[in-house]
Amino acid sequence: MIKFFLMVNKQGQTRLSKYYENVDISKRAALEADVVKGCLSRRKDECSFVEYKDYKLVYRQYAALYIVVGITDTENELSIYELVHNFIEVLDKYFSRVVIYPSPIQSELDIMFNLDKVHIILDEMILNGHVVETNKNRILAPLLVLDKMVES
Amino acid sequence: MSDVVEKTLTALPGLLSLDLQTGAGKLSSTSKLGNLIRGITELTSKHDEEKLIKRELAAIKEQVSSPNTTMRQMKEIMVRSIYCEMLGYEADFSYIHAIKLAQQGSVLEKRVGYLAVSLFLNENHELLLLLVNTVLKDLQSTNLIEVCMALTVVSQIFPRDMIPAILPLVEEKLNHPKEIIRRKAVQALHKFYLIAPNQVQHIHSKFRKALCDKDPGVMAASLHIYLQMIKESADSYRDLAGSFVTILKQVVGGKLPVDYNYHSVPAPWVQIQLLRILALLGKDDQSTSELMYDVLDESIRRAEISHNITYAILFECVKTIYTIHPKEELLEKAAKCIGNFVLSPKINLKYLGLKALTYVVQQDANLALQHQMTIIECLDHSDIIIKRETLELLFRITNAQNVTVIVEKMLDFLRLCHEDYAIIDLVAKVAELAEKYPFRTPCPHLTPNNRWFIETMSTIFTVGGELMQPDIPSNFLRLLAEGSDSLEDDRQLRMYAVDSYVSLLQTNPTKLPQRFLQVISWVLGEYSHLVDDLSPCLVIELLVRLLERPDVASDTRSWVMTAVGKLSAGAGVGKLSAGTGAGGGTGEGAGLVQRVAQQHSSSLDTQLRQQALELQLLSQDPELHARVLPRGDAWGSLEVDSSLSFLDGFVSEALASGAAPYKPPHQRQEELRQEKALSLEPYALSLPISLSSCSIADRQSPTLLSISSGLSGNSAELAHRAGSGSLKLEGVKRVWGKDGYLPHQREVPEEPSVPQEDSAPAPPTFPQQSSALTPPSADPSEEDRDKQQLASSLFVGLSSNNSTCLMGKPEAPAPQRFRRKHKNTDSASASSSSDSSHSPHDAANHFLYSSLLEEGPASPIMLTQNSLAPSNRTEANGTHTRGDAPVLPTANGVADVGDREAPPSLTTANEAPSPGVGGHRDPPLLMGGMELVQPCPPPPAPTASTQSSAEGADTPQLPELPPESDHLPPESDHLPPELRNLPHSDMSPLASDQSLSLSCCRVHREDALVLVLQMSNACGAALLDVSVELQCHELKVASLRGNALESLPAQSVRVCWYTLLMEAPHTHVMVTGSVSYREESGPSHTLEISSKLSLADFLRPLVLSTEEYGKLWLSLSQDVKQNLKLLDPDGDPLCSSLSVLKDKLQLHVVDIIGSEGIVACKLLQGAPCLLHCRVHAGALAVWLRSPVPGLPDCLLYHLQRALQER
């Protein structure tokens, strides 16, 4: 099961956070700082999975952005690692520009200025800590309809 | 940094134009959100952040409260609030506006409103109730995107109590033509299943439909529900294994639309989900497993593209293959996969390989052997996570021969580790291993092993410090104290401990953690007298020095004081004061003790002061000292009865005299919450809680207590649970168990490993050993040799011929050193927890019934029956040749049910009236009936009713005969005349043997339920001393008649009747009992009977006027709402539904106004229950109120059934 989904930049600032179990808001900042410290300090040749308390963290770096997912021990780390990539591919498709290897500032700002939409995309993919949809067209369908309605 | 800012600013315009492109709300560079984002990116310190956000929050606050804020602005405000919360600053004033936005905004605004709600609020937030109406409205919207949003938010967050309000709407969406709506409806139901499983029990068939949906997305969504349900009870879904296999085959075969592919792999996450389901279904079930072999083989074969995602699938395949019933061919392939993982240069794959290996070694220890060199390499890997995972693997292959090496590796890791959680986990594991194996190394001399054990534990105490689980030190002390069978061994171990601790205290006590100091104090106090050449004064002095140190905590001081107290006798203090003369040394010790006592007798720490005063007293009175602190151990004879069974008598006495049964604190709290009027959570507490509370109350038998206390006392178990894995213990031979050291129980499988013994003698100390094993060396060949050596010491004992001993061979029974009465607690707790966990999820109708049945512990009734009449039974078999003895089909069923019944403790039937009473009343009732009833009661509705009494809940409620019906079945003739005209059920057979047949019928009297038991003598001779005993804890027997007869003449019929009342509501109650009789010249016989009574039997209409109803309604607080199925939707649904309920459950329909109806009933002589029914959205929304907590729930259950049966 997925416990939380974070996007942070290299400086360790949170750019998106979504929790799938109740974590008190006062504790989130400390948890995020801890988590980020655990992941950012790792070298490239070390594995992308970290133990953190009774969670496992799966992290993946995209230019200046890190995505960190907290999962339980029963989850399949590698499948989550790829889920992160799928998520990035969806974002890429939606924002129709290269997020995967972009100029660092741009991709981060993309997320920041569209925080609500990134959340909406994430909600389509992960629900209550379960991976519910991975088909890119279907993930984006509701959001594209929304956009169309706003335009017209 | 400034560079970055500059870039940011230059990037902005470009971004903004792009935003226009994607159709997002226009963000001018001066927009407030734009400003905030810019502000955030420019932050340089925490202080700046705080200032910025505080300012932002103030601005937001002002803006939201302004009436001129448009919804569009509100949307932006919400995003800004989300930012503030994301950075850790609460924006609670905006929560209500998020709800408002969801309510009033147009589509995108609405979506952001819902999004903000799901991010801001948690499941129990009270504002969530305000969302219900909005969701209801959106679910009914014609705009699909709104329906979609509503379903999304419902599947994220929704108040549990309000599920019934929207459930019908969500269910309806399962049939929607659009796949996305169907899919989201399934997701919403998954959420409901997670938070309130009993609410969705009735739609299990619809889950199946979703599984078979033509759209793959809907199917995939339903897999989540199935995985959950199968986790809870795999047995109920084994029939679906074939379907899951077919689905997986299609997915693997690429039958899904191509946009489900991820890097050319078809729907990988769906495959993984399916593999997990298959693993659960195939576990311990050969025939189900056989269905899967093909598809698993195909999955492995197809996963040839080298991409992470195929590895993820392979990993899942491997797990499944090793979980289900094994097949050689597949195991080989899986092992090959693991090999590829472990050997892969990709670090992530290596990790996964180690994880798979850890999972698998329990089944196949040889696999670890195959990869031993890789494992050794991983042990020294630069990545700490890989190291950690390797240790986890080693932990699971530990045996008596490699334990020292493995423990040393773990300790090495621990010394370098700084992460609290890892330390706690590893310390617990090392302690577990150390306690398991200390005497089992091949080395015959005890000293090194004692030494190993004590030193390992010392390292643990030092490293673990205050972090470790508190039960580790106490287990250790228990092991020392309880000892083994060999006194000499014990003495050696204790002496070694004393020696080692004295030298520790002499050298460097400052670094020792408090817990370790406590252990040291205890050991020294208890055992330092064993070491002859150790002066007690020296020990006292060392201890006293501890007292003087400021860094020693007060609870540690009290351990030290106690130790000093124990030692004071040894120091000759007592002798001195007794005037028997003392040498210089003892005098010194006495002086020291006196001084300590003196010094602390005025301590501010009351505990310490008291101990000091005690010490003063004890040191002056040797006799008292000897009595209070006897030297040597009294442990041998110490019995701890953790079940507190010696209190059983007291408890049952108290209970009998009316004391309330003990309830654990959490339950009391639960009930307090329940009693609160105006509770906001009527549903949350409704069905499951009231049931569980009644069952717990009824279960307060000492046996249950003993289970729970056994559990809590079982500290090894706790430590075990605290660790991450749940499988750790399996397959590891145990020498030190939960219950202490299990010495000399089994043959050590040492013989096969003779060659290895040379390479792995356990050298006396660790430093030497580790240096011998891993010397830093430049010479590669030497390094290799070292690795080989390490390998042989790590993997010793894992060769194929003794690998069997790792496979969880049943443990030899542990000698119960510490005689706790908690044998079998593991299995007991496991079974009880599994019972309780699956019971709520049983098929719909079994829920209540099964939990009711579970209330009773195993059956004393059967015991009494067996002990009473063994001869009787054999005799019955013997005389069976008579052939004419009709054996009713119920016999088995009744026995089964009786089997599970509660033990008799109420002895109502014992205070039976004299036989004369029955005799007086009965004769007039029995005229003329005799011929009709012999030789056995004619079964009027034979199979149906028989089964209903035997099987319980699944069958229809008793068919009530209308009182005016004049063709009464003949057996009603036996009813007493005053009952004959009352509504009653058919006479249904209960039990019979060759001479006596029993049947019963329920008569609904206005003030009570009368249970009429009819006894007919089918044999040619009279039966003597017929007596009936009936028990039911839940019911009150108001009166009874005719339950004892001096004789039952041949071929005659008698009745006895019980007047029953139900005081606390139950959906069903079982009445059990026995009828015993004696043949004229023969032995006595006993017939067991049992019958199920439903709440409906105890309900009576409550006749009220509408005004009275209104008043009563307002005064009641126990409140339950539920949507029920509506009958006759085309005609007059309300009237027809209510009339069905009225007939079946004896309700009184007070009034019907339009689409609403009010109905009232009462429990016999007791509490009223009012119902308010309304036809809404194709369902009957029922709202129940009653002063009695459980009544609405129980009644609701029957309402549901009554309507479903139609």
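The values are calculated or read from the model by the stated rules, or taken from the named source; none is laboratory data. Being a predicted model, the structure only gives us computed values, none of them experimental. Heads up, the Cβs are rebuilt from the backbone with ideal geometry, glycines too, and the neighbour counts pull from every protein chain shown.
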Matching residues in segment B:85-105 - criterion: being surrounded by fewer than 23 Cβ atoms within 10 Å (Cβ to Cβ), within 21 Å of B:Glu50 (Cβ to Cβ) and more than 10 Å from chain A (Cβ to nearest Cβ): B:Phe93
Answer residue from segment A:108-152, given it is of a type in the set (Val, Ile, Thr) and more than 7 Å from chain B (Cβ to nearest Cβ) and is farthest from B:Leu189 (Cα to Cα) among those: A:Ile111
Scan of segment B:1165-1189 for residues that are modelled with pLDDT of 80 or more and over 23 Å from B:Pro168 (Cα atoms), ordered by number: B:Ala1167, B:Pro1168, B:Cys1169, B:Leu1170, B:Ser1186, B:Pro1187
A:Lys18 vs. criteria outside any helix (DSSP H, G or I) and either within 21 Å of B:Thr41 (Cα to Cα) or within 9 Å of chain B (Cβ to nearest Cβ) (or both): yes
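Per-residue answers, yes or no, for (1) touching an Asp or Glu at 6+ places or on another chain (Cβ under 8 Å); (2) crowded, with 23+ Cβ neighbours inside 10 Å; (3) more than 18 Å from B:Thr390 (Cα to Cα); (4) more than 11 Å from chain B (Cβ to nearest Cβ):
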| residue | (1), (2), (3), (4) |
| --- | --- |
| A:Tyr52 | yes, no, no, no |
| A:Tyr62 | no, no, yes, yes |
| A:Tyr66 | no, no, yes, yes |
| A:Gly70 | no, yes, yes, yes |
| A:Glu82 | no, yes, yes, no |
Residue match in segment B:1152-1170 (condition: without any contact (Cβ under 8 Å) to a residue 12 or more places away in the chain and not hydrophobic (A, V, I, L, M, F, W, C)): yes
Helices (runs of 4 or more DSSP H) contained entirely in segment B:311-403, each with at least 3 residues that are within 29 Å of B:Val270 (Cβ to Cβ): B:328-343, B:347-360
All positions within segment B:381-403 that are free of Cβ contacts under 8 Å to residues at least 60 places away in the same chain and either under 27 Å from A:Tyr52 (Cβ atoms) or within 14 Å of chain A (Cβ to nearest Cβ) (or both): B:His381, B:Ser382, B:Asp383, B:Ile384, B:Ile385, B:Ile386, B:Lys387, B:Arg388, B:Glu389, B:Thr390, B:Leu391, B:Leu393
Residue satisfying condition, being surrounded by fewer than 21 Cβ atoms within 10 Å (Cβ to Cβ), closer than 21 Å to B:Thr1067 by Cβ and modelled with pLDDT of 80 or more, within set B:Val1140, B:Val1149: B:Val1140
Selected residue [under 30 Å from A:Leu144 (Cβ atoms) and either within 16 Å of the chain's Cα centre (by Cα) or modelled with pLDDT under 90 (or both)] from A:Val35, A:Val98: A:Val98
Complete set of residues in segment B:262-300 that are within 14 Å of chain A (Cβ to nearest Cβ), of a type in the set (A, V, I, L, M, F, W, C) and farther than 21 Å from B:Lys231 by Cα: B:Val265, B:Ala267
Residues (in contact with an Asp or Glu (Cβ under 9 Å, 6 or more places away or on another chain) and either assigned to a loop (DSSP other than H, G, I, E, B) or exposed (fewer than 14 other Cβ atoms within 10 Å of the Cβ) (or both)) located in segment A:21-41: A:Asn22, A:Ser26
The one condition in (1) in contact with a Gly (Cβ under 8 Å, 6 or more places away or on another chain); (2) under 20 Å from B:Gln1165 (Cβ atoms) that B:Cys1056 fails to fulfil: (2)
All positions within segment B:106-119 that are more than 9 Å from chain A (Cβ to nearest Cβ) and hydrophobic (A, V, I, L, M, F, W, C): B:Val117
Complete set of residues in segment B:247-278 that are part of a loop (DSSP other than H, G, I, E, B) and buried (at least 21 other Cβ atoms within 10 Å of the Cβ): B:Ala267
B:Asn124 more than 8 Å from chain A (Cβ to nearest Cβ) and assigned to a loop (DSSP other than H, G, I, E, B): yes
Residue ID - nearest to A:Val150 (Cα to Cα), chosen from residues in segment B:33-84 that are within 13 Å of chain A (Cβ to nearest Cβ) and either in contact (Cβ under 8 Å) with a residue 60 or more places away in the chain or basic (Lys, Arg) (or both): B:Arg72
Unmet criterion (only one of (1) surrounded by fewer than 23 Cβ atoms within 10 Å (Cβ to Cβ); (2) modelled with pLDDT of 80 or more; (3) more than 29 Å from B:Val1159 (Cα to Cα); (4) among the charged types (D, E, K, R)) for B:Glu1080: (2)
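Yes or no, residue by residue, for (1) over 16 Å from B:Ser1094 (Cα atoms); (2) polar (S, T, N, Q); (3) crowded, with 22+ Cβ neighbours inside 10 Å; (4) free of Cβ contacts under 8 Å to residues at least 24 places away in the same chain:
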| position | (1), (2), (3), (4) |
| --- | --- |
| B:Cys1173 | yes, no, yes, no |
| B:Gly1178 | yes, no, no, no |
| B:Val1182 | yes, no, yes, no |
| B:Val1188 | yes, no, no, no |
| B:Leu1196 | no, no, no, no |
| B:Leu1199 | no, no, yes, no |
| B:Ala1202 | no, no, yes, no |
